[in-house]
Each structure stands twice: as structure tokens, then as C-alpha cells.
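Below you'll find the structure, written out as C-alpha cells, and then a few comments.
The values are calculated or read from the model by the stated rules, or taken from the named source; none is laboratory data. As the structure is a prediction and not an experimental result, all values here were calculated from the model. Don't worry about glycine lacking a Cβ; one is built from the backbone with ideal geometry, like all the others, and counts go over all protein chains shown.
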Amino acid sequence: MCGITGKINFEKGNSIDVSELKRMTDVIFHRGPDDEGFYIKDNVGLGFRRLSIIDLSTGHQPLANEDESIWIIFNGEIYNYQELQENLIKQGHIFRTRSDTETIVHLYEQYGPDCLQYLRGMFAFCIWDDKKKQLFCARDRFGIKPFYYYADNQKFVFGSEIKAILKAGGINKTLSNEALDSYFAFGYITGDLSIYKEIKKLQPGHYLTVSLKDNPSIEIKKYWEVAFDPDYSKSEKQWIEEIDTCLSETVKLHMISDVPLGAFLSGGIDSSSVVAMMARNSNMPVQTFSIGFKARKFSELEYAREIAKKYNCVHHEQIVEPESIDLLPRLTSMYDEPFADSSAIPTYYVSKFAREYVTVVLSGDGGDELFAGYDIYKYLHKIYNYSSNFPALNKLLWGNIHKLIPQKVKGKGLTYYLSQNRTDLGAYLAIWPKTERKKLFLQNGYPNITSEVAERYKKKVLREGSSDEFISNLQYLDLKTYMVDDILTKVDRASMMNSIEVRPPLLDHRFAELSFKIPWNFKLHGKTQKYIFKQAIKPYLPEGFLDHPKKGFSVPLSLWFKEELQDYVSDTLLSNNALSFEYLNKGFVKKTVMNSRNGMRDFSSRIWSLLFFEEWLKQNK
């Protein structure tokens, strides 16, 4: 796991300044504290920071082919690199290292952009092809590893994190209205947007080429897509057997490492299944790491202990306290842009905690998206059936009921969807729905945000879903938005800030493609979510383990904001000096804070989004 960055000046005579490139790599030192390297040739510069995982002695980057016409900087891991190396050697390629990085160089020599089809892993990399005068950049299929870029008429700049790009000269820092709207809608910024209008994200499963021959040009292409293709010919037993075999194989591959390795163990089904497979494929006790809270409602430590005990793990755990809010300035610096998932707090702490013992951990990320594990799928499927089967009665009945239900009653939002006959569901799980954002944003302030863009983007993604099945399209939406722009972003920044590599074996594309073939009714089976996955891993879990309620990795913010952190919220958000009032309606912010404090509604997620935004403005004014 590493940090990459670089710059191309489009004017041939405009050479790269090595000190500028050094500033760009220094600011992402945390991504690779073990080594640094540079490639500079005239108007092309590549910078690299290394966290040593595989081939500790000879894996220095940038790395070149035999005649030094092709140079690469690479962030990530390729799990099938040994098999690929063997095949490439048979085709006449000569290797000077044992690293997975050099494998990509020779694959590119052999296959060009089609090299991506052979890679099994997580990655973001750039290859400079000096003969073609072309930069080839790619991001893995699910977007586990980040890639940001900036382009204008004079230059192309890229980096693993936005902060590296900002260290280059002449970067336009105008904020993106669309990104701000997305942030307050969902708590994260979707699609190719970043908080800065001119800085973009390369989308998962895409590659980008910058050609310097003739007139400079930039082209982006898709090389892989999430595609649900259900196979109805197989029985439940057959699917269980295939899941078992494939899961064991992918976890085994993800355990390849030349440094100490462990696992995040939340106590949930996904991380528990990964630990079970690690124990199955190892002759050494697995080191496991868990984070919990004093409030039992939010803690799964007891379940993590069950798994650790069953597999004789070397188990470590830690309690997160309300004082963890002191971490907010550091979190803001980590994410470079507003990011309102409060589970970034425990993710940071479990990464910091684990780094004391290991350099690599496996996680259970991806299981809910692949096997329809979120509660919302069950609820929305019920709504969809109502809307489809009884549209007129549905609108009449639920429309009237919705008007009678007080705002604070749980389920109010679901009756709204029913009353609106919402079969697109493009705006589900919004922190600040469109009607609320219109009250939140200053109508004539800067920037002029219309609160229209965020929902339209999710509806667009839903329309792009290739399945005729409602549940599969919800999975597609989450894989394309929530998972990549929230979950994977959260884990990457929190882990890299602590110089630890996190590998999610459930997001191995071979395992994912297997899940895409499983019919949706094996995933959401009656009222049981992740049914087929649970059946496959049941033999590896303690008796009754699958019956415990899902808690996720949520933080008890609602308790903290009403008790220990009440004054902190008021001092930060209601101060006359709050910078966010350049964008937000002070009266509506105050109303939100007071309603939450008085118990009218649980607005803790909204308050957290306001706190993060305020801190981000302080650091970037």
C-alpha cells in the first residue's frame, strides 16, 4: 500500500520542478513511510511513497521495464501476481524483482490496456510509456484504492489524495456546488466529483490516458462493470458449496504478505466469516482487532469475542469514548473534503490500534452490498411491492396516514415513500432530504446551491442498473455510490493515516462475480437478509451466532450530543463566528440543534455533518 502522485506539463519545454514533486509526496508521507522515489524526464514527473508489504528489499518505485521505456508507480496489491509472473516469463519477459508491481509493467508491455483484465486485486497506478508519450492510469474494479486528478490547458496533476494535488502550483480551488449538495444529501460526495470543481475522481473500473503526441488529449474508458446475471439452474446446496470454495480461496490469496498480518473483527457476519477462513488457511493464530463502546446498544464486542475464542485468535480490543470527538480536526485533514460518516472515528482508532501489532489486516467490507444485507433492502422491497400492486390504493391510504404521523415517530419516512409511489427510490437514506436542504442553504448566498443535483445522480445510477430485479438494482446503486464513496473512502483514509493496509477479500472480483449470478431471492429470502451467505458460513460460526441483531459500526452520537458533547455542539455550530453561515441558514441550523437536544428527533447525523463541514472550512479558509 502506497501513495502516488505526479504531474505533466503540456508544454514540452516546461520541465517538472523536483521540489514541487517532493512537496506533493511529502504531504502523503503517511501512505508510505518506508521509502520514496521519483521519475522526472523533461515535462513528466512521477512521485511515490512506499509502505513495504511484498518484496521488502527490491520493491522500490518508480519501477521500469528492461530498457526503461516504461515506468510505473503503483498503490495496492495484486494477489495473483505469482501466477501472472510465471506466464509472462514463459513469454520471454525478464523480471528483476519479486514484486507485484513489476508484474503490471510486463503485463502492460504484453497486452496494453487489456492488462487490466488479468489483474486480481486492489489498485490505482500510473504507467508512463515514453515511446508512446502517453500516461496510462487505472483504478480497480470497485474503487478500493483512490485516484484523483486535475486538468487544465497547461497541466495534468494526479494523486492518491486531494492534498497532494493541492501542493502543485496553479490549482483552481473553486468549490463545487454539486459536491456540496451531494455531501449534505448523503454525507459523502458521489460519482467523479470532489469538493473542488476542477478536481475529479477516476471512477472504479475505469482507466484514463493522457497523450502528449500532437495536441495533448485526455480519454477515459470503462474496462469492467457490475453486471447481475442470475443463474436459476442451480440449487441452494450448489450455491452454498460455490460460496464456501470461492470464499476460502480468495481469503487465502489475500493473506499473501511479507509483513505481520491480522484482521478487523467487528463481531458482524462478514468480518467473522473472513476470520474463520483465515484460521482455516493458516497454521498460526490469527491476530484480531475490535473496537467497542460503553453503550451496549452500539457495541458488538461480545460477538467478536465469541469468534476469537472459537478460532483461538490473539484478540485485541479497545473502547472508544466521547472524547474521541477531539479527533475531528485530524479526520478533516485525513479526508481532504467534507465527509459525514461518523464511523470514521472507530475506523481510525481500530486502524491505529492494529498498527501497533501488524502492517496488514483483512476486513469484511462488501458483504452487505453483494448479498443484500442492509435492513433498507427489506423495507424498500416491501414498499416496492405495495407501489407496484396497488398504486391507487397505496397513494390514497398511505398519503393520508403519512399526514397524520408526528415527525418524531419511527417509520414516518417509509410512509412518505409509500404515499409518493416512489419506485425509483433514488433519494433513499438522505441525511438532509431535498426539502430540508432548501431550508438549510442560504437562498442568495455563496455558493448558489439548488439542492437538485444529488438525487438526480442516484436516479441516474439506478437507471444504469442492468438487472430487471428490484433488489439487484438497489445493490447496484450501493456498489456504485455508498460503498465506493463512503465505505471504501472511509477505510482507505483512516487506515492509510496510520500506515496500515486493509484488504477486503469479499470484494475480490471473482467472488463478487459469483455473487452476481446468485438470484436475488437467495439473498433476501422472506425476511432473512444475506440468506445464502449465512447458510454457507453457518458451519464455521458458533451456535446461534447468526441470530444476533445487526448493529453495524455506528457511533453513539445521539447520546454524546445530548450529554458530554452538548456544549461542544453549541459552541461550534451556534457561534456568531461560525464559517458555515456563509453557506447555511443560521436559524435553521439552530432549530436543528435545539430539536435534537430536546429529543424531538434524532438529528445526530445532521449535526455531525454540520460539525465536519465547519471544521473543514476552518482548515481550508
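Yes/no per residue for (1) within 25 Å of PHE293 (Cβ to Cβ); (2) polar (S, T, N, Q); (3) assigned by TED's automatic domain parsing to the domain that holds THR347; (4) over 24 Å from the mean Cα position of the chain (by Cα):
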site	(1), (2), (3), (4)
ARG493	yes, no, yes, no
PRO505	no, no, yes, no
HIS509	no, no, yes, no
PHE516	no, no, yes, no
PRO519	no, no, yes, yes
LYS523	no, no, yes, no
THR528	no, yes, yes, yes
GLU543	no, no, yes, yes
(request) Please specify each residue of the stretch 78-104 satisfying the condition of being within 12 Å of LEU63 (Cβ to Cβ) and assigned to a helix (DSSP H, G or I). (result) ASP100, THR101, GLU102, THR103, ILE104
(request) Identify, by number, the condition in (1) polar (S, T, N, Q); (2) buried (at least 18 other Cβ atoms within 10 Å of the Cβ); (3) under 13 Å from LEU362 (Cβ atoms) that THR209 doesn't meet. (result) (3)
(request) Filter the stretch 511-557 down to residues that are modelled with pLDDT under 90 and surrounded by 22 or more Cβ atoms within 10 Å (Cβ to Cβ) and give me whichever is farthest from GLU306 (Cα to Cα). (result) LEU557
(message) If LYS22 meets every condition in (1) touching a Cys at 6+ places or on another chain (Cβ under 8 Å); (2) modelled with pLDDT of 95 or more; (3) surrounded by fewer than 23 Cβ atoms within 10 Å (Cβ to Cβ) apart from one, which number is that one?
(response) (1)
(message) Looking at the stretch 185-208 only, could you name the residues that are touching a strand residue (DSSP E or B) at 6+ places or on another chain (Cβ under 6 Å) and free of Cβ contacts under 8 Å to residues at least 24 places away in the same chain?
(response) ASP192
(request) Looking for whichever is crowded, with 22+ Cβ neighbours inside 10 Å, without any contact (Cβ under 8 Å) to a residue 60 or more places away in the chain and in contact with a strand residue (DSSP E or B) (Cβ under 9 Å, 6 or more places away or on another chain) here; the options are THR103, THR97. Which one fits? (result) THR103
(request) Look through SER605, SER596, SER570, SER575 and report the one residue that is within 28 Å of the chain's Cα centre (by Cα) and not charged (D, E, K, R). (result) SER605
(message) I'd like the residue in the stretch 448-477 that is at pLDDT 80 or above and aliphatic (A, V, I, L, M) and, out of all such residues, is nearest to PHE581 (Cα to Cα).
(response) ALA454
(request) Kindly provide the set of residues from the stretch 192-203 that are under 22 Å from PHE125 (Cβ atoms) and either touching a Leu at 6+ places or on another chain (Cβ under 9 Å) or surrounded by fewer than 20 Cβ atoms within 10 Å (Cβ to Cβ) (or both), ordered by number. (result) ASP192, ILE199, LYS200, LYS201, LEU202, GLN203
(request) Would you list the helices (runs of 4 or more DSSP H) that sit entirely within the stretch 321-386 and hold 2 or more residues that are surrounded by fewer than 18 Cβ atoms within 10 Å (Cβ to Cβ) and either of a type outside the set (S, T, N, Q) or modelled with pLDDT of 90 or more (or both)? (result) 328-335
(request) Could you check, for the stretch 502-510, whether at least one of its residues is surrounded by fewer than 20 Cβ atoms within 10 Å (Cβ to Cβ) and modelled with pLDDT of 95 or more? (result) yes
(message) Looking only at the stretch 558-602, filter to residues that are in contact with a Pro (Cβ under 9 Å, 6 or more places away or on another chain) and aliphatic (A, V, I, L, M); which one of those is modelled with the highest pLDDT?
(response) LEU565
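Per-residue answers, yes or no, for (1) surrounded by fewer than 21 Cβ atoms within 10 Å (Cβ to Cβ); (2) acidic (Asp, Glu); (3) assigned by TED's automatic domain parsing to the domain that holds PRO504:
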| position | (1), (2), (3) |
| --- | --- |
| ASP229 | yes, yes, no |
| LYS252 | yes, no, yes |
| ASP258 | yes, yes, yes |
| LEU261 | no, no, yes |
| SER266 | no, no, yes |
| MET277 | no, no, yes |
| VAL286 | no, no, yes |
(message) Can you name every one of the strands (runs of 3 or more DSSP E) wholly within the stretch 124-180 that holds 1 or more residues which are small (Gly, Ala, Ser) and closer than 25 Å to ALA454 by Cβ?
(response) 148-151
(request) Scan the stretch 291-320 for residues that are in a strand (DSSP E or B), at pLDDT 95 or above and not hydrophobic (A, V, I, L, M, F, W, C) and jot them down. (result) HIS315, HIS316
(request) Take the stretch 164-176 and flag every residue that is out of contact with any strand residue (DSSP E or B) (no Cβ under 7 Å at 6 or more places or on another chain) and crowded, with 19+ Cβ neighbours inside 10 Å. (result) LEU166, LYS167
